[in-house]
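Input: a single structure, listed below in structure tokens.
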Amino acid sequence: MPRSEDERLVDLAARLEREDPRFARALRTGRPARPREYRRTGAWWGLALGVTVLGCGIALAQGLLIAGGLVLVGMAAQLVDPDPTRAGHRGPGPR
């Protein structure tokens, strides 16, 4: 027996509330907010911190700071663009 459209909408709303409460509240109040997957502020701060640590490591000639800065830059760069389905990405083939 097929489910009614109202049940599907209620399930969708409940799932959205669980996954991203901030976005769901914004929808209810009519004030736009970015969904979680489009919020990249923390990633940009991490990238800035990594570049700073890398620059300090180069200026002070400290290998540990250089390595730490490179790791931070790599992690933050992955967070800035985590979508592996974007054009040009070469990942595993289809299953």
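In order along region 58-64, the Karplus-derived 3J(HN,Hα) couplings, from 6.51 cos²θ - 1.76 cosθ + 1.60 at θ = phi - 60°, round to 5, 5, 8, 6, 10, x, 5 Hz, and Gly and Pro are given as x.
What the phi angles of region 49-55 give under the Karplus curve with 6.51, -1.76 and 1.60, with θ = phi - 60°, is a coupling list of 5, x, 5, 5, 4, 4, x Hz, glycine and proline written as x.
Each value in this text was obtained by applying a stated rule to the coordinates, not by laboratory testing. None of these values were measured; they are calculated from a predicted model.
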